[in-house]
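Chemist: A single structure is presented below for examination.
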Number of protein chains: 2
Amino acid sequence: MTERLKNINVFRSERNPIINPDDVIPSRHDFKVVGVFNCGVTRFDGEILLLMRVAEKPFNNDKKIEIVPLLDPEAGKISVKKFNKDDSSFVISDPRFIRTTSGWYLTTISHLRIARSKNGIDFIVDEEPAMSPENKYERFGMEDPRITQINGIYYISYCAVSDLNGITTCLASTTDFIEFTRYGVIFLPDNKDVAIFPEKINGKYYALSRPISTGCEARDMWISESPDFICWGNHMKLMGTRKQYWDEGSIGAGAIPFRIKEGWLEIYHGSSKINRYCLGAVLLDAGEPWKVVARTKEPIIEPEMDYEKNGFFGNVIFTCGSLYEEDKVKIYYGAADTCIAYAEIDLDDILYRLD
Amino acid sequence: MTERLKNINVFRSERNPIINPDDVIPSRHDFKVVGVFNCGVTRFDGEILLLMRVAEKPFNNDKKIEIVPLLDPEAGKISVKKFNKDDSSFVISDPRFIRTTSGWYLTTISHLRIARSKNGIDFIVDEEPAMSPENKYERFGMEDPRITQINGIYYISYCAVSDLNGITTCLASTTDFIEFTRYGVIFLPDNKDVAIFPEKINGKYYALSRPISTGCEARDMWISESPDFICWGNHMKLMGTRKQYWDEGSIGAGAIPFRIKEGWLEIYHGSSKINRYCLGAVLLDAGEPWKVVARTKEPIIEPEMDYEKNGFFGNVIFTCGSLYEEDKVKIYYGAADTCIAYAEIDLDDILYRLD
């Protein structure tokens, strides 16, 4: 910790984690919820609404086997696949993935679920999923939804993951959070962490995204424009990882960017070489958002609490949404890929950290 | 060779290779041309015009060092970087790349050059490049141009390669092949082999592309739509590699698709696990080009001639353009990443091979 870090005050809720896996009814009786974490957030109908990633896996009492859930797109339902852990080709590199000679799999499958609250802290979780995997791009699940409201329509970008089609980002929309319309793949594989700006800039929509380049081993943030949310282009590299910083491993959009006097403020995530995920902030030019004005040298929040350090995948703070209200940034974040937590940071504290 | 293969007649030009590196004046006196190969083709102003990838490298008489060319985007000119081959971190896995602890590099840098012909065989190569690397996305060069003519405007998609930004596809246009307008990155990294359809289908433009997915190790073909050539979306996986076929390693668009009675015919390339590149054909539905109607089980042309088997990178036949005229497919192709060759195949022969 440097001297400077002392100047930021992070107000974590005393009720953290505010949503736990135990608060979520599984989508099937033979599945258990192992994580409820990365969530988009919006105000809707007098409430604060979270659209959350819920990760489930099949019950399994046999320690010799791993049971993997995955969608059968033709049958339209989730099936399971069993692997013998003694099989020499079976590799479990981290708790999220397995690799075998027949391909790779996720150990959980995620759907999107809504939680609602009057005060932003006490949430009631819907009993049923809002959106569940249903097509070939979503075979391994739907992840990390982000909500952008424009003219009363709520646009939801989310990751769709599958073995044959990689990691894509898809779009859906809703006006009531009951009926959802899917628009298919808006960013080709591999691309995730898509955050759509909440208003047009110079007549165009903009979005942040994080393509993965094998060739140059880059996991950097780009910005793209669109006339219609469906088609994206004029892609420009926005900013990269930084060697020997907390965000040297990978970076990606976090919350939906929001407008402040100085420009667009984006709360993004960065990971270290050992997969420790923190949040930082970047200020983009108001009229030319592909220009970085300033960026925090240190994280604005990092894993410190037990629920952030320990879980399904520990040492992770990851956000898909925040609210900017009363000069505060109210951040809903996934902690350790397990639960949802809440923290407030004064905007001035963040601005002070921008370099 | 199966019985069936005998039914296809490939008429290679007796003048092959029709363009050699020796036919191309280097862009600088201290560079030599090591390859003139993958080229887009169009009829323009009474001639057949090729827009070719020209790969150059610096003269180097010192076998102990490797000299790598690359653009300095700020200075706007190409500089060179020297590596000691004795350095233990220096790895040259194939003649196209080197890897060092400081990153990866291409051993050559490519620009785009025009060649013109009255008869389609005897070409005069322009003395100067048509387009040269000039921005950060093009730091390692411009490659594999494809030309799509729509309403008198010639749209050129090409790969832009760089260390920091990966492999992107960019767009340019021209009406006279003298002045070119750049439109920046239209497909995010890593993505290449972009072929734009030559007319609107149901009011939309379409393009084939080949994103690279690290996660699922896929190098498959997708199809995307656009209102304006700049922004692309509604991406759909079109077709994948095929295990134990000639195209099991990777596939990608080759020529611009052309309309025949039965639908859209696309001449694509596929590579084996050992990087042997051949061409095949796929028939797409006329009104719904995201539907594969039929695909050749075997290649329609494969490396057989000395100039196809031996060169800078041997055993490669790779096309960026063909002309469909007089019921023949006239294919201009890069051979062994070294020279340009020409072959004609009767359309009926290709149709007969479609399964």
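The values are calculated or read from the model by the stated rules, or taken from the named source; none is laboratory data. What you see is a predicted model; the values in this text were computed from it and never measured. Backbone-built Cβ (ideal geometry, glycine too); neighbour counts: all protein chains shown. Heavy atoms of the whole protein, side chains included, go into the accessibility calculation; ligands, DNA and RNA do not. Shrake-Rupley method; radii C 1.70, N 1.55, O 1.52, S 1.80 Å.
Chemist: Is it the case that A:Ser157 is farther than 19 Å from A:Gly321 by Cβ and modelled with pLDDT of 95 or more?
Modeler: no
Chemist: When region A:215-226 is examined, which residues are found to be in contact with a Cys (Cβ under 8 Å, 6 or more places away or on another chain) and either open to solvent by 10 Å² or more (accessible area, probe 1.4 Å) or closer than 16 Å to A:His269 by Cβ (or both)?
Modeler: Passing the criteria: only A:Glu225.
Chemist: For A:Pro189, state whether it is facing chain B (nearest Cβ under 7 Å) and not in a loop (DSSP other than H, G, I, E, B).
Modeler: no
Chemist: Still on this structure, please answer the following. I need the full set of residues from region A:215-224 which are in a strand (DSSP E or B) and at the interface with another protein chain (Cβ under 7 Å from one of its Cβ atoms), in order please.
Modeler: Matches in region A:215-224: A:Ala218, A:Trp222.
Chemist: Among the candidates A:Glu138, A:Glu127, A:Glu143, single out the residue that is among the acidic types (Asp, Glu) and over 16 Å from the mean Cα position of the chain (by Cα).
Modeler: A:Glu127
Chemist: Out of the residues in region A:164-201 that are acidic (Asp, Glu) and open to solvent by 30 Å² or more (accessible area, probe 1.4 Å), state the one that is farthest from A:Ala130 (Cα to Cα).
Modeler: A:Glu199
Chemist: So, one more: Which condition from (1) in contact (Cβ under 8 Å) with a residue 24 or more places away in the chain; (2) surrounded by fewer than 19 Cβ atoms within 10 Å (Cβ to Cβ) is the one that B:Tyr268 breaks?
Modeler: (2)
Chemist: Considering every residue within region B:172-193, establish whether at least one is more than 22 Å from B:Val36 (Cβ to Cβ) and under 13 Å from the mean Cα position of the chain (by Cα).
Modeler: Checking region B:172-193: at least one residue is more than 22 Å from B:Val36 (Cβ to Cβ) and under 13 Å from the mean Cα position of the chain (by Cα).
Chemist: Quick check on my filter: what residues within region A:227-247 are more than 8 Å from chain B (Cβ to nearest Cβ) and crowded, with 22+ Cβ neighbours inside 10 Å?
Modeler: Once the filter is applied, which keeps residues that are more than 8 Å from chain B (Cβ to nearest Cβ) and crowded, with 22+ Cβ neighbours inside 10 Å, region A:227-247 yields A:Leu238, A:Asp247.
Chemist: May I ask you to verify whether B:Gly254 is more than 22 Å from B:Phe37 (Cβ to Cβ), in contact with a strand residue (DSSP E or B) (Cβ under 7 Å, 6 or more places away or on another chain), in contact (Cβ under 8 Å) with a residue 60 or more places away in the chain and small (Gly, Ala, Ser)?
Modeler: Against the criterion (more than 22 Å from B:Phe37 (Cβ to Cβ), in contact with a strand residue (DSSP E or B) (Cβ under 7 Å, 6 or more places away or on another chain), in contact (Cβ under 8 Å) with a residue 60 or more places away in the chain and small (Gly, Ala, Ser)), B:Gly254 does not qualify.
Chemist: Collect the residues in region A:202-214 that are open to solvent by 10 Å² or more (accessible area, probe 1.4 Å), polar (S, T, N, Q) and within 12 Å of another protein chain (Cβ to nearest Cβ), keeping them in residue-number order.
Modeler: A:Thr214
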